[in-house]
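Have a look at the structure below, then the notes.
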Amino acid sequence: MKLRWFVILSSLPLLGVVTAFGIMPQTDVLSRAQQTVIEDISLPLTATVASNSTSFWRNERIQRGDTVAELLRRLNVEDQAASDFLRKNKAAEGLRQLAVGKEVQAETDANGALLALRYPGNDASQIVIEKDGNSFKSRTLPAQTEKHVQIRTGEIKTNLFAATDEAGLPDPAANQLVDIFGGDIDFHRDLRKGDKFTVIYEMNYVNGEPVRTGRILSAEFVNHGHAFRAAYFQTTEFTGDYFSPEGKSMHKAFLRSPLEFSRISSGFSLSRFHPILNKWRSHKGVDYAAPMGAKVKVTSDGVVAFVGKQGGYGNVVMIDHQGRFSTVYGHLSRFAGGLHKGQRVEQGQIIGYVGMTGLATGPHLHYEFKLNGVQRDPLKVALPDGKPISDAQRTAFSDATNQLFAKLDTFHNTHIAKLD
(Lines give C-alpha, C1' and ligand atoms only; values in the text may rest on other atoms or scores of the structure.)
Protein backbone atom coordinates (compact mmCIF):
# COMPACT_ATOMS: atom_id res chain seq x y z
CA MET A 1 0.00 0.00 0.00
CA LYS A 2 2.78 2.42 0.90
CA LEU A 3 4.50 1.63 -2.34
CA ARG A 4 1.34 2.47 -4.32
CA TRP A 5 1.00 5.93 -2.68
CA PHE A 6 4.70 6.62 -3.29
CA VAL A 7 4.28 5.91 -7.01
CA ILE A 8 1.18 8.12 -7.25
CA LEU A 9 2.80 11.07 -5.45
CA SER A 10 6.03 10.88 -7.44
CA SER A 11 4.03 10.96 -10.68
CA LEU A 12 2.16 14.21 -9.90
CA PRO A 13 4.80 16.64 -11.27
CA LEU A 14 5.00 14.72 -14.55
CA LEU A 15 1.15 14.70 -14.87
CA GLY A 16 1.11 18.43 -14.26
CA VAL A 17 3.52 19.04 -17.12
CA VAL A 18 1.49 16.90 -19.47
CA THR A 19 -1.72 18.70 -18.48
CA ALA A 20 -0.10 22.12 -19.08
CA PHE A 21 0.69 21.21 -22.67
CA GLY A 22 -2.63 19.46 -23.20
CA ILE A 23 -4.80 22.55 -22.63
CA MET A 24 -3.21 24.65 -25.45
CA PRO A 25 -5.83 24.84 -28.28
CA GLN A 26 -4.89 24.00 -31.85
CA THR A 27 -6.24 27.11 -33.59
CA ASP A 28 -6.46 27.78 -37.33
CA VAL A 29 -3.89 30.59 -36.98
CA LEU A 30 -1.35 28.21 -35.51
CA SER A 31 -2.10 25.64 -38.21
CA ARG A 32 -1.53 28.17 -40.97
CA ALA A 33 1.70 29.36 -39.36
CA GLN A 34 3.00 25.82 -39.39
CA GLN A 35 2.45 25.31 -43.12
CA THR A 36 5.54 24.74 -45.22
CA VAL A 37 6.08 27.11 -48.15
CA ILE A 38 8.57 26.35 -50.90
CA GLU A 39 9.40 29.11 -53.38
CA ASP A 40 12.26 29.83 -55.78
CA ILE A 41 14.09 33.09 -54.94
CA SER A 42 16.41 34.74 -57.44
CA LEU A 43 19.68 35.89 -55.80
CA PRO A 44 21.30 39.12 -57.01
CA LEU A 45 24.39 38.78 -59.15
CA THR A 46 27.65 39.36 -57.24
CA ALA A 47 30.31 41.53 -58.81
CA THR A 48 33.60 39.81 -59.41
CA VAL A 49 36.38 41.48 -57.39
CA ALA A 50 39.77 41.50 -58.97
CA SER A 51 42.26 39.74 -56.75
CA ASN A 52 44.85 42.50 -57.09
CA SER A 53 42.54 45.49 -56.46
CA THR A 54 43.25 45.55 -52.70
CA SER A 55 46.66 46.20 -51.16
CA PHE A 56 47.95 45.49 -47.67
CA TRP A 57 50.64 47.26 -45.61
CA ARG A 58 52.71 45.33 -43.09
CA ASN A 59 55.53 46.45 -40.76
CA GLU A 60 58.46 44.41 -39.48
CA ARG A 61 61.69 45.25 -37.66
CA ILE A 62 65.07 43.87 -38.64
CA GLN A 63 66.09 41.02 -36.36
CA ARG A 64 69.54 39.67 -35.64
CA GLY A 65 70.64 37.23 -38.36
CA ASP A 66 67.88 38.31 -40.76
CA THR A 67 68.16 37.51 -44.47
CA VAL A 68 66.15 39.18 -47.22
CA ALA A 69 64.18 35.97 -47.68
CA GLU A 70 63.33 35.72 -43.97
CA LEU A 71 62.29 39.38 -43.82
CA LEU A 72 60.02 38.97 -46.85
CA ARG A 73 58.48 35.86 -45.31
CA ARG A 74 57.49 37.81 -42.17
CA LEU A 75 56.12 40.58 -44.39
CA ASN A 76 53.98 37.99 -46.22
CA VAL A 77 55.67 38.77 -49.53
CA GLU A 78 55.50 35.88 -52.00
CA ASP A 79 57.25 37.34 -55.03
CA GLN A 80 60.36 35.70 -56.50
CA ALA A 81 61.12 38.68 -58.76
CA ALA A 82 61.02 41.03 -55.79
CA SER A 83 63.21 38.68 -53.76
CA ASP A 84 65.82 38.54 -56.54
CA PHE A 85 65.84 42.34 -56.90
CA LEU A 86 66.21 42.97 -53.16
CA ARG A 87 68.96 40.37 -52.78
CA LYS A 88 71.07 41.38 -55.77
CA ASN A 89 70.33 44.88 -57.06
CA LYS A 90 72.61 47.72 -55.92
CA ALA A 91 69.57 49.99 -55.50
CA ALA A 92 68.48 47.78 -52.58
CA GLU A 93 71.91 47.64 -50.93
CA GLY A 94 70.72 49.85 -48.05
CA LEU A 95 68.07 47.28 -47.16
CA ARG A 96 70.68 44.55 -46.85
CA GLN A 97 72.74 46.75 -44.50
CA LEU A 98 69.96 47.85 -42.13
CA ALA A 99 70.78 47.64 -38.44
CA VAL A 100 68.83 45.47 -36.02
CA GLY A 101 65.66 47.22 -34.87
CA LYS A 102 65.11 49.32 -38.00
CA GLU A 103 61.59 49.17 -39.38
CA VAL A 104 60.64 48.03 -42.89
CA GLN A 105 57.18 48.52 -44.43
CA ALA A 106 55.87 46.45 -47.33
CA GLU A 107 52.79 46.93 -49.53
CA THR A 108 51.50 43.78 -51.23
CA ASP A 109 48.46 42.77 -53.24
CA ALA A 110 46.09 40.01 -52.14
CA ASN A 111 48.35 37.38 -53.75
CA GLY A 112 51.48 38.51 -51.89
CA ALA A 113 53.10 40.28 -54.85
CA LEU A 114 55.28 43.20 -53.72
CA LEU A 115 53.97 46.64 -54.73
CA ALA A 116 56.27 48.86 -52.61
CA LEU A 117 58.88 48.58 -49.87
CA ARG A 118 59.97 51.40 -47.52
CA TYR A 119 62.89 51.54 -45.12
CA PRO A 120 65.10 54.24 -43.51
CA GLY A 121 68.07 55.58 -45.45
CA ASN A 122 70.93 57.87 -44.48
CA ASP A 123 70.29 61.26 -42.84
CA ALA A 124 66.80 60.16 -41.76
CA SER A 125 65.65 59.94 -45.37
CA GLN A 126 63.34 57.16 -46.54
CA ILE A 127 64.06 54.74 -49.39
CA VAL A 128 61.09 53.54 -51.44
CA ILE A 129 61.32 50.57 -53.82
CA GLU A 130 58.24 50.36 -56.07
CA LYS A 131 56.85 48.01 -58.68
CA ASP A 132 57.57 49.39 -62.16
CA GLY A 133 56.06 47.17 -64.83
CA ASN A 134 57.90 43.86 -64.67
CA SER A 135 60.73 45.30 -62.59
CA PHE A 136 61.31 47.63 -59.64
CA LYS A 137 62.66 51.15 -59.21
CA SER A 138 64.11 53.00 -56.20
CA ARG A 139 63.66 56.59 -55.04
CA THR A 140 64.59 58.61 -51.94
CA LEU A 141 62.10 60.66 -49.94
CA PRO A 142 63.20 63.48 -47.58
CA ALA A 143 62.70 62.94 -43.86
CA GLN A 144 59.29 63.84 -42.48
CA THR A 145 59.90 65.69 -39.21
CA GLU A 146 57.21 66.43 -36.63
CA LYS A 147 56.93 67.70 -33.07
CA HIS A 148 54.45 66.10 -30.69
CA VAL A 149 53.56 67.55 -27.29
CA GLN A 150 53.51 64.83 -24.63
CA ILE A 151 52.52 64.73 -20.96
CA ARG A 152 53.96 62.55 -18.21
CA THR A 153 53.01 62.42 -14.54
CA GLY A 154 54.65 60.44 -11.79
CA GLU A 155 55.09 59.96 -8.07
CA ILE A 156 58.28 59.49 -6.07
CA LYS A 157 58.45 56.07 -4.42
CA THR A 158 62.21 55.56 -4.09
CA ASN A 159 64.09 58.13 -6.17
CA LEU A 160 63.50 60.57 -9.03
CA PHE A 161 64.99 58.49 -11.85
CA ALA A 162 62.96 55.43 -10.86
CA ALA A 163 59.81 57.56 -10.91
CA THR A 164 60.58 59.16 -14.28
CA ASP A 165 61.36 55.74 -15.77
CA GLU A 166 58.05 54.36 -14.49
CA ALA A 167 56.20 57.34 -15.97
CA GLY A 168 57.96 56.97 -19.33
CA LEU A 169 59.71 60.36 -19.10
CA PRO A 170 62.95 60.31 -21.16
CA ASP A 171 66.20 60.96 -19.30
CA PRO A 172 66.90 64.28 -21.13
CA ALA A 173 63.54 65.60 -19.94
CA ALA A 174 64.22 64.32 -16.40
CA ASN A 175 67.52 66.22 -16.41
CA GLN A 176 65.72 69.36 -17.59
CA LEU A 177 63.25 68.93 -14.74
CA VAL A 178 66.12 68.94 -12.25
CA ASP A 179 67.67 72.03 -13.87
CA ILE A 180 64.36 73.93 -13.81
CA PHE A 181 63.56 73.29 -10.13
CA GLY A 182 67.13 72.75 -8.89
CA GLY A 183 67.31 76.25 -7.41
CA ASP A 184 64.26 75.64 -5.19
CA ILE A 185 64.48 71.90 -4.52
CA ASP A 186 67.59 70.07 -3.37
CA PHE A 187 67.14 66.79 -5.27
CA HIS A 188 69.81 65.19 -3.08
CA ARG A 189 68.12 65.85 0.28
CA ASP A 190 64.60 67.23 -0.17
CA LEU A 191 62.81 64.45 -2.07
CA ARG A 192 60.15 62.59 -0.13
CA LYS A 193 58.03 59.56 -0.91
CA GLY A 194 54.75 60.83 -2.33
CA ASP A 195 56.24 63.87 -4.09
CA LYS A 196 54.64 64.26 -7.53
CA PHE A 197 55.52 65.79 -10.87
CA THR A 198 53.80 66.65 -14.14
CA VAL A 199 55.82 67.43 -17.25
CA ILE A 200 54.60 68.78 -20.60
CA TYR A 201 57.35 68.51 -23.19
CA GLU A 202 58.08 68.22 -26.90
CA MET A 203 59.24 65.06 -28.64
CA ASN A 204 60.78 65.21 -32.12
CA TYR A 205 59.74 62.53 -34.61
CA VAL A 206 61.30 61.59 -37.94
CA ASN A 207 59.22 59.41 -40.27
CA GLY A 208 56.94 58.58 -37.37
CA GLU A 209 59.76 57.41 -35.08
CA PRO A 210 60.76 59.34 -31.91
CA VAL A 211 64.36 60.52 -32.34
CA ARG A 212 65.05 63.32 -29.84
CA THR A 213 63.55 64.75 -26.68
CA GLY A 214 62.73 68.42 -27.05
CA ARG A 215 62.24 71.20 -24.56
CA ILE A 216 60.02 71.07 -21.50
CA LEU A 217 57.18 73.54 -22.10
CA SER A 218 55.81 73.57 -18.56
CA ALA A 219 56.18 71.49 -15.43
CA GLU A 220 55.01 71.13 -11.84
CA PHE A 221 56.84 69.50 -8.94
CA VAL A 222 55.03 68.97 -5.64
CA ASN A 223 57.65 68.71 -2.88
CA HIS A 224 56.63 68.37 0.80
CA GLY A 225 53.12 69.39 -0.25
CA HIS A 226 54.32 72.64 -1.84
CA ALA A 227 53.75 72.97 -5.59
CA PHE A 228 56.46 74.59 -7.72
CA ARG A 229 55.45 75.51 -11.28
CA ALA A 230 57.30 76.79 -14.31
CA ALA A 231 56.73 77.46 -17.99
CA TYR A 232 59.12 78.33 -20.79
CA PHE A 233 58.91 81.84 -22.28
CA GLN A 234 60.93 83.22 -25.20
CA THR A 235 62.31 86.49 -23.84
CA THR A 236 64.26 87.49 -26.96
CA GLU A 237 64.54 86.27 -30.53
CA PHE A 238 67.27 83.80 -29.55
CA THR A 239 66.92 83.21 -25.80
CA GLY A 240 64.30 82.14 -23.29
CA ASP A 241 63.95 81.00 -19.70
CA TYR A 242 61.58 79.33 -17.25
CA PHE A 243 59.31 81.44 -15.06
CA SER A 244 56.75 80.86 -12.32
CA PRO A 245 53.11 81.85 -12.95
CA GLU A 246 53.91 85.16 -11.22
CA GLY A 247 56.76 85.84 -13.64
CA LYS A 248 59.58 85.02 -11.23
CA SER A 249 62.62 83.48 -12.91
CA MET A 250 63.29 79.84 -12.03
CA HIS A 251 66.88 80.39 -13.06
CA LYS A 252 69.01 80.93 -9.99
CA ALA A 253 72.40 82.55 -10.22
CA PHE A 254 73.81 79.25 -8.85
CA LEU A 255 72.72 75.62 -9.11
CA ARG A 256 72.31 73.91 -5.75
CA SER A 257 74.53 71.04 -6.84
CA PRO A 258 77.26 70.50 -9.46
CA LEU A 259 76.09 66.90 -9.99
CA GLU A 260 72.77 65.74 -11.41
CA PHE A 261 72.23 62.89 -8.95
CA SER A 262 74.47 61.73 -6.14
CA ARG A 263 74.64 61.21 -2.38
CA ILE A 264 76.11 63.67 0.11
CA SER A 265 78.81 61.72 1.92
CA SER A 266 80.13 64.59 4.03
CA GLY A 267 78.55 67.95 4.73
CA PHE A 268 79.84 71.39 5.67
CA SER A 269 81.34 71.24 9.16
CA LEU A 270 83.71 73.23 11.36
CA SER A 271 84.93 69.99 12.97
CA ARG A 272 85.19 66.67 11.18
CA PHE A 273 87.52 63.70 11.66
CA HIS A 274 89.58 63.40 8.46
CA PRO A 275 89.74 59.73 7.33
CA ILE A 276 93.24 60.07 5.83
CA LEU A 277 94.94 62.63 8.10
CA ASN A 278 93.42 60.91 11.17
CA LYS A 279 92.73 64.16 12.97
CA TRP A 280 89.93 66.61 13.56
CA ARG A 281 89.74 69.56 11.20
CA SER A 282 87.13 71.75 9.57
CA HIS A 283 85.45 70.63 6.36
CA LYS A 284 84.36 73.81 4.63
CA GLY A 285 82.67 72.22 1.66
CA VAL A 286 80.33 69.41 0.66
CA ASP A 287 81.42 65.97 -0.56
CA TYR A 288 79.19 64.23 -3.09
CA ALA A 289 79.72 60.47 -3.43
CA ALA A 290 79.30 59.60 -7.10
CA PRO A 291 80.56 57.02 -9.61
CA MET A 292 84.02 57.45 -11.09
CA GLY A 293 83.75 59.58 -14.23
CA ALA A 294 80.37 61.21 -13.40
CA LYS A 295 80.01 64.60 -15.09
CA VAL A 296 80.67 67.71 -12.98
CA LYS A 297 78.83 70.92 -13.93
CA VAL A 298 79.83 74.47 -13.10
CA THR A 299 77.09 75.92 -10.90
CA SER A 300 77.09 79.45 -12.35
CA ASP A 301 78.44 81.55 -15.19
CA GLY A 302 82.02 82.58 -14.55
CA VAL A 303 85.69 82.56 -15.52
CA VAL A 304 88.17 79.76 -14.83
CA ALA A 305 90.63 81.02 -12.22
CA PHE A 306 92.63 77.79 -11.85
CA VAL A 307 92.72 74.35 -13.45
CA GLY A 308 95.33 71.76 -12.45
CA LYS A 309 96.68 69.92 -9.37
CA GLN A 310 96.77 71.56 -5.96
CA GLY A 311 97.58 69.81 -2.67
CA GLY A 312 94.83 67.77 -1.06
CA TYR A 313 92.34 68.85 -3.72
CA GLY A 314 94.15 66.77 -6.34
CA ASN A 315 92.82 67.73 -9.77
CA VAL A 316 90.82 70.87 -9.09
CA VAL A 317 88.97 73.61 -10.97
CA MET A 318 88.34 77.04 -9.41
CA ILE A 319 85.81 79.45 -10.91
CA ASP A 320 85.24 83.17 -10.23
CA HIS A 321 81.63 84.39 -10.47
CA GLN A 322 80.31 87.97 -10.46
CA GLY A 323 83.25 89.31 -8.46
CA ARG A 324 82.02 88.33 -4.95
CA PHE A 325 81.49 84.61 -5.48
CA SER A 326 83.79 81.69 -6.33
CA THR A 327 83.45 77.90 -6.41
CA VAL A 328 85.88 74.97 -6.12
CA TYR A 329 85.59 71.45 -7.63
CA GLY A 330 88.15 68.99 -6.25
CA HIS A 331 89.37 65.35 -6.51
CA LEU A 332 88.52 65.22 -10.24
CA SER A 333 89.71 62.28 -12.34
CA ARG A 334 90.18 64.54 -15.36
CA PHE A 335 89.16 67.90 -16.79
CA ALA A 336 86.87 68.73 -19.67
CA GLY A 337 88.74 68.89 -22.97
CA GLY A 338 90.38 72.25 -23.65
CA LEU A 339 89.49 73.79 -20.27
CA HIS A 340 92.02 76.53 -19.43
CA LYS A 341 92.59 79.50 -17.13
CA GLY A 342 90.73 82.61 -18.24
CA GLN A 343 88.07 80.65 -20.15
CA ARG A 344 84.47 81.82 -19.74
CA VAL A 345 82.06 79.03 -18.72
CA GLU A 346 78.27 78.94 -18.56
CA GLN A 347 76.06 77.50 -15.84
CA GLY A 348 75.59 73.76 -16.36
CA GLN A 349 78.67 73.40 -18.59
CA ILE A 350 80.73 70.24 -17.98
CA ILE A 351 84.11 71.19 -16.52
CA GLY A 352 85.40 67.82 -15.26
CA TYR A 353 84.67 64.29 -14.08
CA VAL A 354 84.42 62.71 -10.63
CA GLY A 355 87.57 61.00 -9.37
CA MET A 356 89.60 60.39 -6.22
CA THR A 357 92.80 62.36 -6.76
CA GLY A 358 94.42 64.16 -3.81
CA LEU A 359 93.39 63.25 -0.27
CA ALA A 360 90.40 61.04 -1.08
CA THR A 361 89.50 57.53 0.07
CA GLY A 362 87.02 56.91 -2.75
CA PRO A 363 85.49 58.55 -5.81
CA HIS A 364 83.63 61.73 -4.90
CA LEU A 365 83.45 65.44 -5.65
CA HIS A 366 84.53 68.04 -3.12
CA TYR A 367 82.57 71.26 -3.74
CA GLU A 368 83.12 74.64 -2.09
CA PHE A 369 81.07 77.84 -2.32
CA LYS A 370 82.82 81.07 -1.35
CA LEU A 371 81.44 84.57 -0.68
CA ASN A 372 84.14 87.23 -0.60
CA GLY A 373 86.74 84.48 -0.24
CA VAL A 374 85.07 82.82 2.77
CA GLN A 375 83.59 79.31 2.49
CA ARG A 376 79.84 79.11 3.07
CA ASP A 377 77.57 76.08 3.23
CA PRO A 378 76.25 75.73 -0.33
CA LEU A 379 73.24 73.75 0.93
CA LYS A 380 72.03 76.59 3.16
CA VAL A 381 73.20 79.86 1.66
CA ALA A 382 70.50 81.99 0.03
CA LEU A 383 71.10 82.01 -3.72
CA PRO A 384 70.35 85.15 -5.74
CA ASP A 385 67.47 84.92 -8.23
CA GLY A 386 67.57 85.54 -11.96
CA LYS A 387 65.77 88.46 -13.59
CA PRO A 388 61.95 88.32 -13.47
CA ILE A 389 59.64 89.07 -16.41
CA SER A 390 59.87 92.75 -17.27
CA ASP A 391 56.77 94.94 -17.14
CA ALA A 392 57.02 95.42 -20.90
CA GLN A 393 56.72 91.63 -21.48
CA ARG A 394 54.10 90.91 -18.81
CA THR A 395 51.15 90.75 -21.23
CA ALA A 396 53.03 88.66 -23.79
CA PHE A 397 54.15 86.29 -21.01
CA SER A 398 50.57 85.78 -19.81
CA ASP A 399 49.29 85.17 -23.35
CA ALA A 400 52.03 82.61 -24.02
CA THR A 401 51.87 80.67 -20.73
CA ASN A 402 48.28 80.80 -19.48
CA GLN A 403 47.29 77.72 -21.48
CA LEU A 404 50.39 75.81 -20.32
CA PHE A 405 49.61 76.48 -16.66
CA ALA A 406 45.96 75.58 -17.30
CA LYS A 407 47.07 72.16 -18.59
CA LEU A 408 49.01 71.63 -15.37
CA ASP A 409 45.77 72.36 -13.47
CA THR A 410 44.09 69.60 -15.46
CA PHE A 411 46.60 66.96 -14.39
CA HIS A 412 47.22 68.19 -10.85
CA ASN A 413 46.99 65.24 -8.41
CA THR A 414 46.43 62.87 -11.35
CA HIS A 415 48.72 59.88 -11.92
CA ILE A 416 49.02 58.99 -15.60
CA ALA A 417 51.78 56.61 -16.61
CA LYS A 418 51.89 57.59 -20.28
CA LEU A 419 49.84 60.15 -22.15
CA ASP A 420 50.74 61.53 -25.59
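The values are calculated or read from the model by the stated rules, or taken from the named source; none is laboratory data. These figures come from a predicted structure and were not determined experimentally. Positions of Cβ are backbone-derived with ideal geometry, glycine not excepted, and every protein chain shown enters the neighbour counts. Quick note on the areas: whole protein, heavy atoms, side chains included, nothing else; ligands and nucleic acids left out. Shrake-Rupley method; radii C 1.70, N 1.55, O 1.52, S 1.80 Å.
Observations, loosely collected:
- Per-pair calculated FRET efficiency, R0 = 22 Å: A289 and T158 via Cβ, rounded to 0.05: 0.80
- Taking 0.36 nm per residue of separation and subtracting the current Cα-Cα distance, fully stretching the chain between S125 and R74 would add 16.0 nm.
- Computed lengthening from I350 to D377, 0.36 nm per intervening residue step minus Cα-Cα distance: 7.5 nm
- Note on D399 and D385: the model spin-label points, each 7 Å out from Cα along the C-beta direction, lie 2.5 nm apart.
- With every protein chain in place, the stretch 220-263: carbon and sulfur % of accessible area (1.4 Å): 54
- Alpha carbon centroid spacing (whole Å) that separates the stretch 308-349 from the stretch 86-101: 49
- For G240, residues with placed amide H under 5 Å, excluding near neighbours: T235
- Summed side-chain charge close to A336 - residues other than A336 whose Cβ falls under 14 Å, Lys, Arg +1, Asp, Glu -1: +4
- Phi-based couplings in Hz for the stretch 403-412 (Karplus 6.51, -1.76, 1.60; Gly and Pro marked x): 5, 5, 5, 5, 5, 5, 4, 4, 9, 5
- Surface accessible to a 1.4 Å probe, per residue, for the residues of the stretch 156-197, Å²: 41
- Taking label points 7 Å from Cα along the Cα-to-Cβ direction, Q63 and T410 give a separation of 4.0 nm.
- Residue separation of R139 and E237 scaled by 0.36 nm, minus their Cα-Cα distance, works out to 31.4 nm of gained length.
- Area accessible to solvent at R376, 1.4 Å probe radius, in Å²: 100
- Long-range amide H partners of G214 with built H, under 5 Å: E202, M203, N204
- Take K157: with every protein chain present and a 1.4 Å probe, its accessible area is about 110 Å².
- Heavy-atom accessible area with a 1.4 Å probe sorts V211, V128, largest first, into V211, V128.
- Residues D132 and H226, FRET efficiency given R0 of 56 Å [Cβ-Cβ distance, rounded to 0.05]: 0.30
- Using heavy atoms of the protein chains and a probe of 1.4 Å, the accessible area assigned to T108 is about 0 Å².
- T361-R215 pseudo-label distance in nm [points 7 Å out on the Cα-to-Cβ vector]: 4.7
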